[in-house]
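Chemist: Sending over a structure as structure tokens; questions will come in a sec.
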Amino acid sequence: MSDIKILAVDDDVNICELLRLYLTKEGYEVLIAHTGIKAMELFASHSPNVVILDIMLPGTDGWQVCRSIRNMSDVPIIMLTAKGETYDKVMGLELGADDYVVKPFEMSELVARIKAVLRRSGNAGSSIKSVVEYDNLKIDIISHSLHVKGKQVEIPPKELELLYFLASNPNRAFSRDQLLNEVWGFEFYGDTRTVDVHIKRIREKIEGASDGWELKTVWGIGYKFEVK
């Protein structure tokens, strides 16, 4: 059983029970709230590792809950709603939400997104390392630091998260779409060249650091962190 606690907030009892069933099966401890007030009470008393938060709640809505949580914690928040308008996604981003899932959704997709935000927050349990190290390379996702040949190198958050993800899965090739989903999380309104640009910038920072590993292009697929 994982020590990860997930707070699911939705006024639909059936959805909450479905979440409890599937997430418990995945090994998570699940807390349920049907109102914003109850959600805040459970958050304060149980300190969950992830919050799945519906927007349309009676009384105190999801926006208010998100704002309140973000004022006291950086815990990952996944907004859950029947609405798919761009306005809601922008509002969620501005309030500090980490991801956004539109109803109806597949449980497998939600579980994948939970694992992704846990990984990005460095809080995925004991099986996930917060620090990844190779010869002349150290990536710390918690302190958001990169050391190359023993020297700290300035790097933007998304570049660090992309490098961390690839280095945490050595010798495995990922498509650009997979990398967008894993690292950016939100449904992306752009194109896959965003990944190419980030890879180019990362290479400029780590180039020539070691002969033991390489950030490699896999033609026709995407990229991988190859350990030789």
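Chemist: When the stretch 42-71 is examined, which residues are found to be surrounded by fewer than 17 Cβ atoms within 10 Å (Cβ to Cβ) and in contact with a strand residue (DSSP E or B) (Cβ under 8 Å, 6 or more places away or on another chain)?
Modeler: If the condition is that a residue be surrounded by fewer than 17 Cβ atoms within 10 Å (Cβ to Cβ) and in contact with a strand residue (DSSP E or B) (Cβ under 8 Å, 6 or more places away or on another chain), then His46, Ser47, Met56, Arg70 are the ones that fit.
Chemist: Also, I was wondering about something else. Would you mind finding the one in Lys151, Lys158 that is within 17 Å of the chain's Cα centre (by Cα) and open to solvent by 40 Å² or more (accessible area, probe 1.4 Å)?
Modeler: Lys158 is the lone residue from the list that is within 17 Å of the chain's Cα centre (by Cα) and open to solvent by 40 Å² or more (accessible area, probe 1.4 Å).
Here's the yes/no breakdown for (1) at positive phi; (2) without any contact (Cβ under 8 Å) to a residue 12 or more places away in the chain; (3) not aliphatic (A, V, I, L, M):
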{"residue": "Ile6", "(1), (2), (3)": "no, no, no"}
{"residue": "Ile37", "(1), (2), (3)": "no, no, no"}
{"residue": "Leu57", "(1), (2), (3)": "no, no, no"}
{"residue": "Trp63", "(1), (2), (3)": "no, no, yes"}
{"residue": "Asn71", "(1), (2), (3)": "no, yes, yes"}
{"residue": "Pro76", "(1), (2), (3)": "no, no, yes"}
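Chemist: How many residues does the stretch 161-183 contain that are open to solvent by less than 60 Å² (accessible area, probe 1.4 Å) and either at pLDDT 95 or above or not in a loop (DSSP other than H, G, I, E, B) (or both)?
Modeler: Residues meeting the conditions: 14.
Chemist: While we're looking at this one, here's another question. Picking from Asp10, Asp3, which residue would you name as being in contact with a helix residue (DSSP H, G or I) (Cβ under 7 Å, 6 or more places away or on another chain) and farther than 15 Å from Pro76 by Cβ?
Modeler: Asp10
Chemist: Which residues, taken from the stretch 185-203, are surrounded by 13 or more Cβ atoms within 10 Å (Cβ to Cβ), modelled with pLDDT under 75 and more than 12 Å from Gly222 (Cβ to Cβ)? Please lay out each step first, then the result.
Modeler: First, the residues of the stretch 185-203 that are surrounded by 13 or more Cβ atoms within 10 Å (Cβ to Cβ): 185-188, 192, 194-196, 198-199, 201-203.
Subset that is modelled with pLDDT under 75: 185-188, 192.
Gly185, Phe186, Glu187, Phe188, listed by residue number.
Chemist: Right, something else. Which members of the stretch 204-228 meet the condition of being open to solvent by 40 Å² or more (accessible area, probe 1.4 Å) and assigned to a helix (DSSP H, G or I)?
Modeler: If the condition is that a residue be open to solvent by 40 Å² or more (accessible area, probe 1.4 Å) and assigned to a helix (DSSP H, G or I), then Glu204, Lys205 are the ones that fit.
Chemist: Take Asn136 and tell me if it is at positive phi and out of contact with any Leu (no Cβ under 8 Å at 6 or more places or on another chain). Step through it out loud before you land on a result.
Modeler: Working: at positive phi: yes; out of contact with any Leu (no Cβ under 8 Å at 6 or more places or on another chain): yes.
Yes, satisfied.
The values are calculated or read from the model by the stated rules, or taken from the named source; none is laboratory data. Given the structure is predicted, the values throughout are model-derived calculations rather than measurements. Note: ideal-geometry Cβ built from the backbone for every residue, glycine included; neighbour counts use all protein chains shown. The accessibility values were calculated without ligands, DNA or RNA, using every heavy atom of the protein model including side chains. Shrake-Rupley method; radii C 1.70, N 1.55, O 1.52, S 1.80 Å.
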